[in-house]
Amino acid sequence: MPRLVLYPGSLLDIETDVIVNAANSSLMGGGGVDGVIHRAAGPALKEACRPLAPCPPGEVRVTEGFGLAPRLIFHTVGPIWRGGQNGEADILATCYRNCLTELSQRDLRRIVFPAISTGAYGYPPAQAAHIAVTICARHPLARDADIVFAVMDRKNRTALGAALNAVR
C-alpha cells in the first residue's frame, strides 16, 4: 500500500517529484490552487501550458516545475459538481488514476495532490476525499509511492483525515 499523508498547508511547501495542479481546461491559470501555482512558477508556466490546452476533465498534461520545488507539474481538470448524477465521481476518480499512472510511467515516487474540484467547482469535500483516498490507496501502480494530500482549509482537512482513517 502506498504511504498516504495529510499535510495541512500549501503543496508548494513540500519537497516532492510532482505537484498536481487542479487546473481549468484552458491551463492558463485561475483561482485557488491553480492561481497559486501559476503565480509561483511565473509566466514560463503559462507559455508551456498554451500548446497543451485544452485539457478535458479527467486528463493530465505535464510541464516542468519552472523553479518550484517539484521537478514536474501534473495539470488535471476535475469535474464541476452538478449534483452527482452526471458522471462527476468517475471523472474525479480518473483525475487521480491518470496522475498516478503518469507518476509510475515516469518512474517517480512522490506526488502531492490538492483537493481536486472542491473549490470553485463545488464538489462536496467528504465525497471528493473518499474518492481521492480510495483511488490512491488501491491503485496498483501507486503501491511504492509517497502520496501527500496538501490542503489548507479546515473542511477539506477534516474530510481527507476521515477518509484516510477509514482506509488504515
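The values are calculated or read from the model by the stated rules, or taken from the named source; none is laboratory data. On a predicted model such as this, the values are computed, not experimentally measured, just so you know. Neighbour counts are summed over all protein chains in view; Cβ atoms, including those assigned to glycine, are modelled from backbone coordinates with ideal geometry.
Number of residues in the stretch 1-58 that are farther than 21 Å from residue 157 by Cα and assigned to a loop (DSSP other than H, G, I, E, B) equals 16.
Do you know which residues across the stretch 123-168 are of a type in the set (Lys, Arg), over 22 Å from residue 104 (Cα atoms) and surrounded by fewer than 20 Cβ atoms within 10 Å (Cβ to Cβ)? Scanning the stretch 123-168 gives 154, 155, 168. Just one of the listed residues (92, 45, 100, 68) is touching a helix residue (DSSP H, G or I) at 6+ places or on another chain (Cβ under 7 Å), modelled with pLDDT under 95 and hydrophobic (A, V, I, L, M, F, W, C), and it is 68. Could you please let me know if residue 73 is in a strand (DSSP E or B), touching a residue at least 24 places away in the same chain (Cβ under 8 Å) and either closer than 20 Å to residue 147 by Cβ or not acidic (Asp, Glu) (or both)? Taking the combined requirement at face value, the residue satisfies it.
Here the stretch 135-167 is the region considered, the condition is being over 14 Å from the mean Cα position of the chain (by Cα) and of a type in the set (Val, Ile, Thr), and the residue that is modelled with the lowest pLDDT is 167. Considering 78, 83, 122, the condition of being on the phi > 0 side of the Ramachandran plot, part of a loop (DSSP other than H, G, I, E, B), in contact (Cβ under 8 Å) with a residue 24 or more places away in the chain and not hydrophobic (A, V, I, L, M, F, W, C) is satisfied by 122 alone. Listed by first and then second residue, the pairs with beta-carbon distance under 6 Å, at least 6 apart or on different chains, first residue in the stretch 31-52 and within 17 Å of residue 70 (Cα to Cα), second polar (S, T, N, Q) and crowded, with 16+ Cβ neighbours inside 10 Å, are 34/21; 37/21; 48/63.
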